[in-house]
Structure formats: C-alpha cells, structure tokens
Amino acid sequence: MAAKEDIHRNLIHSKSGTRVVAADDSCGSAFDLPEPPWSSDAEATKCKSCQAAFSFFNRKHHCRFCGEIFCGKCCEVGVPSVRQGFVDPVRLCESCLAIVKKDNEFMEKHLLVLTKGATFLIDEMPTFCLLTPTHKMLKLGETLDAVKLRSIIKVEDVQEDVSNPAAGISGVCLTYKRADGLEAKQELSVDSGELQQRRKSLVFIGALKKVCDFD
C-alpha cells in the first residue's frame with residue numbers, strides 16, 4: 001500500500017504573478033509545471049509573433065508559459081495557468097493560450113474525476129479506487145498495492161460481450177510495471193447493479209484513459 005501523502009503548498013509572489021506552489025517535489029502534483037526562464041529584454045527588439053518593433057508606446061510583455069517576448073496585442077491577459085499554480089489570469093501568447101486552456105480542462109475536469117474516485121469490482125469485491133492528491137498513485141482499495149500512475153503502460157477495455165461490441169464495456173484492464181520492473185495486469189470491473197454508480201465508474205475510466213495518454 002502507498003504511504004499517505006501530505007500536501008503542503010505555499011503562496012508566493014514572483015515577477016510573473018501570484019502562485020500556489022508545492023513546498024517541495026514530494027508533495028507537488030505529478031503534472032505541476034515551473035515558471036519558464038524569461039527571454040532577455042535587452043536582446044528583444046521586436047514582437048516574437050507579429051514582428052512589430054518595440055518602443056515607448058509598444059511595450060514588451062513576457063508570456064508566462066513560454067517566457068518569450070511579445071507586444072501587448074499578441075500577449076494579452078488570458079486565463080490562470082493551473083499547472084503552473086497561477087492564482088489569477090496571466091499574460092499568454094496565442095499559441096500558449098490554446099495549450100493552457102487544454103491543460104486547465106485536463107486539471108480541472110479529468111484529474112478531478114479521478115481524485116473523487118469510483119467503485120469497481122476487483123476479484124468480485126467492491127473496491128473504491130482513486131488517484132491520490134499528488135496525482136502520482138492510483139489507489140486500489142485498502143488492501144492492494146497502489147499503482148504508480150506513470151507506470152501504467154496501457155488501459156484496455158474489457159468488452160461486456162466480445163461477440164457484440166455494441167454491448168459496451170464491463171471494465172478495463174490495466175497493464176503496468178511493478179517496482180521490480182516486471183509487467184503486471186489488474187482488471188477493474190464495472191458493477192452492473194446501480195445505474196448511477198455504473199455511470200460514475202465509466203466516467204472514471206474515461207478520465208483515466210485521458211490522464212494516461214496525457215503528455
């Protein structure tokens with residue numbers, strides 16, 4: 001079983017803005033991102049995107065996600081970058097804005113589903129599974145060893161009726177690497193009883209696939 005995780009975060013004020021960050025690596029999310037190094041102001045004479053020359057009226061602005069320098073029009077205040085821990089909306093270039101919006105949906109939707117957990121049948125026993133607060137370990141109840149999220153190699157659907165794919169899935173099979181380097185498999189079966197619980201388990205499976213495929 002995995003040791004209990006302690007979550008310690010600090011509120012800091014950097015040149016990029018106010019951020020909530022982990023006190024150390026052990027209690028941070030597996031998906032946290034640091035602030036990027038900023039490009040040198042002295043070396044930037046024009047906007048990285050539109051190539052407009054900088055002047056007293058056309059000021060320089062750093063994108064908080066990539067650290068490059070843009071004009072105000074190409075680097076407007078966008079949204080909070082959740083993976084970097086920003087509390088308030090920050091300046092983002094157009095390319096990074098699209099990335100951050102996608103990352104925010106990932107953090108606030110799919111990871112949230114996994115940390116809330118769902119019940120599955122493991123060896124016919126109801127087992128509550130959830131992702132730990134640091135997003136590093138997948139807990140499989142109280143008796144089985146937790147699985148490192150990064151060790152999961154694939155998540156495969158288990159068909160309810162192999163002769164009829166339209167029947168849907170009855171669960172998933174996780175293939176992962178154990179601490180000793182050997183591959184192992186664990187099947188999580190969806191309880192066919194209560195409809196609401198079944199739906200919750202299927203949503204959990206969808207989120208787990210998204211998280212395991214996340215780069």
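The values are calculated or read from the model by the stated rules, or taken from the named source; none is laboratory data. Source: prediction; values computed, not measured. Virtual Cβ from ideal backbone geometry, glycine too; neighbours counted across all protein chains shown. Protein only, heavy atoms only, side chains kept; ligands, DNA and RNA dropped before computing areas. Shrake-Rupley method; radii C 1.70, N 1.55, O 1.52, S 1.80 Å.
Some observations on this one:
- Residue in the range 153-160 that is more than 22 Å from the chain's Cα centre (by Cα) and in contact (Cβ under 8 Å) with a residue 12 or more places away in the chain present: yes
- Residue within the range 73-81 that is in contact with a Cys (Cβ under 6 Å, 6 or more places away or on another chain) and outside any strand (DSSP E or B) present: yes
- Of all residues making up the range 88-106, the number that are open to solvent by 30 Å² or more (accessible area, probe 1.4 Å) and part of a helix (DSSP H, G or I): 8
- Search result, residues across the range 174-205 that are without any contact (Cβ under 8 Å) to a residue 12 or more places away in the chain and open to solvent by less than 60 Å² (accessible area, probe 1.4 Å): Gly181, Ala184, Gly193, Arg198
- Filtering the range 138-159 to residues that are aliphatic (A, V, I, L, M), part of a strand (DSSP E or B) and modelled with pLDDT under 95 leaves only Val158.
- Scanning the range 80-113 for residues that are among the acidic types (Asp, Glu) and more than 12 Å from the chain's Cα centre (by Cα) yields Asp88, Glu94.
- Scanning the range 60-79 for residues that are at pLDDT 95 or above and open to solvent by 40 Å² or more (accessible area, probe 1.4 Å), we see that the one that is farthest from the chain's Cα centre (by Cα) is Lys60.
- Residue match in the range 113-132 (condition: more than 20 Å from Ser201 (Cβ to Cβ), open to solvent by 80 Å² or more (accessible area, probe 1.4 Å) and not aliphatic (A, V, I, L, M)): no
- Hits in the range 39-49 (condition: free of Cβ contacts under 8 Å to residues at least 40 places away in the same chain, open to solvent by 70 Å² or more (accessible area, probe 1.4 Å) and assigned to a loop (DSSP other than H, G, I, E, B)): Asp41, Ala42, Glu43, Thr45
- Restricting the first member to the range 52-70 and to residues that are under 25 Å from Pro34 (Cβ atoms), and the second to residues that are aromatic (Phe, Trp, Tyr), the beta-carbon pairs closer than 6 Å and six or more apart or on different chains are Lys60/Phe54; His61/Phe70; His62/Trp38; Gly67/Trp38.
- For the criterion of being under 30 Å from Glu68 (Cα atoms) and of a type in the set (Gly, Ala, Ser), Ala118 fails.
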